[in-house]
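Reading through the structure tokens given below for one structure.
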Amino acid sequence: MSAPCAISALDRTAQAQIQARIDNKTKPQGALGQLERVALQLALIQQSERLSLPSPTLLVFAGDHGVAAEGVSIAPAAVTRQMVLNFLAGGAAINCFCRTLGWQLKVVDAGILEPIEDPRLILRRLGAGTANLAQTAAMSPAQCQQGLQWGGEVARREIAAGAGLLAFGEMGIANTTAATALLAALTDLPVGDCIGRGTGISDAQLAHKQALIEQAVARVAGQTDPQALLAELGGFELVQICGAILAAAEARVPMLIDGFIVSAAALVACRMAPACRDYMLFSHGSAEPGHARLLAAMEAEPLLDLGLRLGEGTGAALALPLLQAAVSFYNDMASFESAGVTV
Ligand SMILES: Cc1cc2ncn([C@H]3O[C@H](COP(=O)(O)O)[C@@H](O)[C@H]3O)c2cc1C
Ligand SMILES: O=C(O)c1cccnc1
């Protein structure tokens, strides 16, 4: 087991005081809705008079999936690499949102099929794509362990460079199949309750996808160790996101959790080290039906509901201004006393 034991739950000693400060702002109590919950969580994480979110950094991890050969996506596996090139060229949705909203964007090759030579790409290749999880373990325990470590290192490097907020994105054709298998295996929910159309597959593809996931979940029946399930059913990008989440929590850095895929990695992290949940904020509800199950399993309430089903970290990117708004009202909004407002 590699779960860092240094992850501590939030110190809630100051919670009543923080809540009183929020309640004393010049507004009816609770009127800033979910932003008040965000401010409280950030204040508990940062334990500081003034909150800040310096150098928000979004790490996109890319990896290929052996199960893609089964035709469970609208696209072939080669599209993973093509999209990584698109990220590097600045042309994907996540590039647009990061540019518009002020995120630093970094791309990690966690194990796509064919390598790309580009100095801007962070190379942490665990292999040339995983094995087909319907037939066999997606990766070895050693690859999984290495991936957790590498993901952690990538996150720690950004934190050391000043990132005060992390978010994660992913690119990996067929990774909704892996994420669905993880969700079903970790929660014991029927695969039919966890599955969706990912990129938008046909009815026939959906039926095949379901049969493959059921086969994979049956193959690991009785296994409850989250890290073992991650190796059996995960993906190289999912493992490294899980490692990055554990490292961010250990460093007490807040993180924005994106949609279905990143949430599956987050659930694995929560099962490995439950305290890491305290450092997570959830950007949006994905249109992928299983996302509601993942959010429920983590007792998470997402901030946005935009019908997104893209991944790449796009939902997390879009939620940054909401966190910044929570920080600004917490820091700068007048209290009833200071503004002389009497209710
Ligand atoms: C052009 C294109 C760009 C994407 N950007 C993110 N995804 C998303 O779709 C994939 C998961 O869905 P599935 O399991 O159905 O393959 C992941 O790569 C995810 O990031 C994309 C998918 C495509 C085709
Ligand atoms: O919510 C997501 O992360 C998602 C949904 C569909 C396809 N790719 C990603």
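A short reminder: the numbers here are calculations on the coordinates, not readings from a lab. Everything quoted here is computed from the prediction, not taken from an experiment. All Cβ positions, even for glycine, are placed from backbone atoms using ideal geometry, and neighbour counts span all protein chains on display.
Quick one: check the C-alpha center-to-center distance for region 94-169 versus region 21-59, whole angstrom. So the two Cα centres are separated by 29 Å. DSSP loop GluC sites (Glu not before Pro) in region 1-101 with at most 16 other Cβ atoms within 10 Å of their Cβ, which ones? Answer by residue number: GLU49.
Sorting 217-227, 92-102, 263-273 by average packing, meaning the other beta carbons within 10 Å per residue, from highest down gives 263-273, 92-102, 217-227.
Neighbours of GLY307 by Cβ distance under 15 Å: Lys/Arg scored +1, Asp/Glu scored -1, total -1.
By the rule of a C-alpha distance below 16 Å, with chain neighbours fewer than 8 residues away ignored, the aspartates and glutamates paired with LYS209 are GLU70, ASP193, GLU288. For the chain, the longest principal axis of the alpha carbon atoms and the long axis of helix 33-46 meet at an angle near 90°.
Estimated from the Cβ-Cβ distance and a Förster radius of 51 angstrom, the FRET efficiency linking ARG12 and ALA204 is about 0.50. Take the alpha carbon atoms of region 211-229, find their center, do the same for region 267-287, and report the distance between the two centers in whole angstrom. With region 211-229 and region 267-287 each reduced to a Cα centre, they are spaced 21 Å. If R0 is 25 Å, the Cβ-Cβ spacing of ASN24 and LEU304 corresponds to a FRET efficiency of close to 0.35.
Full extension of the segment from THR100 to ALA78, taken as 0.36 nm per residue of separation minus the current Cα-Cα distance, would add 5.1 nm. The string of couplings for region 95-103 from the Karplus curve (6.51, -1.76, 1.60, θ = phi - 60°) is 5, 4, 5, 5, 4, 5, 9, x, 7 Hz, one whole number per residue in order, with x for Gly and Pro. A cut-off of 5 Å between modelled amide H atoms, ignoring neighbours fewer than 5 places along the same chain, links LEU308 with ALA287. The ranking of THR342, THR177, THR314 from fewest to most other beta carbons within 10 Å of each one's beta carbon is THR342, THR314, THR177. How big, on average over all directions, is the shadow cast by the Cα convex hull of the chain, in nm²? Convex hull of Cα atoms, orientation-averaged projection: 16.7 nm². Helix 141-160 and the longest principal axis of the Cα set of the chain meet at an angle near 30°. Cβ-to-Cβ counts within 10 Å put PHE329, PHE87 in ascending order as PHE329, PHE87, the fewest first.
Calculated FRET efficiency, GLN34 to ALA89, Cβ-Cβ distance, R0 = 45 Å: about 0.80 to the nearest 0.05.
Other residues with beta-carbon under 11 Å from the beta-carbon of ASP203 carry, at +1 per Lys or Arg and -1 per Asp or Glu, a net charge of +2. In terms of other Cβ atoms within 10 Å, MET139, MET83 run from fewest to most in the order MET83, MET139.
Residues whose amide H comes within less than 5 Å of that of GLU170, counting only those at least five positions distant or on another chain, are PHE61, GLU312, GLY313 (H built at 1.01 Å from N in the peptide plane). For the pair GLN135 and ALA296, the difference between a 0.36 nm per residue extended length and the Cα-Cα distance amounts to 55.0 nm.
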